[in-house]
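Here is the structure we will look at.
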Amino acid sequence: MSGNRRSTWLLAAAALLSGGLLLAPAAVAAPLADPVLSLPFATGQHTYSAGVHSDNGQSGVKNAIDFSPNDGIARSAAAGTVRMQRCSGGDWVTVDHSDGWRTGYYHLEGIQVQDGQSVSAGTPLGRTGNALPCGGSSSGAHVHFTLWQLNAAPSVSADWSGLSYDEVSTRVADEVGVPVDGKVLGAWRFRAGAQQYSGRAERVGDGFSVTLPGRFQV
């Protein structure tokens, strides 16, 4: 191969390699790890759960599950910062955790925390109840526990004060609601069923399973 032809070939190869590097796809971000969450009440007691469902119990992502612990006290599922959501009928509690995770606690009565307060896992938030500060419905005292990932849609405001329950449970839930299915709370993994308000609770340690709706001891 002549010197000129060899130089031309090397330049072409270098250009191809350079172009290949320029066109190489960007690295894909690692999936966000699930948050480490406890059950939203104290262990060592019985609780009833109506099962996994969407925030409005009708349609959309199944990001909710109801709990009625025997002692009637709802507690923060992880360390974080309280973000009170205010409506004309009163307040409801959300707690913001690391990496954009948020947990919600609806229907609480006798709320014991304030906006901006730092809490630990297990901090009492209020009594399970039937409060409907922004609307909705409730039958029997419980905490309507919900899971959210605010980083999933940065354009969605984290301040839901004044939003109706219907709006939070549809538009907001569609954008940042996270399925409960497969998530671990304390020593239990929860599975969604085919229907609303169904599924099962599986004890991680031994695989013991409880069909929901149902009652189990934690």
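Observations on the model:
- Tilt relative to the chain, helix 3-23 - C-alpha long axis, 0 to 90 degrees, to 10: 10
- For segment 112-160, the Kirkwood radius over C-alpha pairs fed into Stokes-Einstein at 37 °C and 0.692 mPa s yields D = 241 µm² per second.
- Computed label-point distance, nm, for sites residue 48 and residue 71 using a 7 Å Cα→Cβ extension: 2.0
- Nitroxide proxy distance, nm - points 7 Å out along Cα→Cβ at residue 158 and residue 118: 1.6
- Normalised by residue count, segment 100-214 yields a Cα convex hull volume of 133 Å³ per residue.
- Rule-of-thumb Rg ratio for segment 171-217 [Cα; 2.2 N^0.38 Å; N residues]: 1.26
- Karplus-derived 3J(HN,Hα), 6.51/-1.76/1.60, for each residue of segment 109-120, Hz, glycine and proline x: 10, x, 4, 10, 10, 10, 4, x, 6, 7, 10, 9
- With the simple spin-label model, which puts each label point 7 Å out from Cα in the Cβ direction, the residue 206 to residue 34 separation comes to 2.1 nm.
- Per-residue ellipticity at 222 nm computed for the chain from its helices equals -3500 deg cm²/dmol, with DSSP H segments shorter than 4 residues left out and the rest contributing -39,500 (n - 2.57).
- Segment 159-218-segment 100-143 distance, computed between alpha-carbon centres (Å): 16
- Most to least accessible of 71, 206, 96 (protein chains only, probe 1.4 Å): 206, 71, 96
- Mean Cβ count within 10 Å, highest first, over the residues of peptides 114-121, 133-140: 133-140, 114-121
The values are calculated or read from the model by the stated rules, or taken from the named source; none is laboratory data. No experiment lies behind these values; they were computed from the predicted model shown. Every residue, glycine as well, gets a Cβ built from its backbone with ideal geometry; the counts of neighbours run over all protein chains shown. Heavy atoms of the whole protein, side chains included, go into the accessibility calculation; ligands, DNA and RNA do not. Shrake-Rupley method; radii C 1.70, N 1.55, O 1.52, S 1.80 Å.
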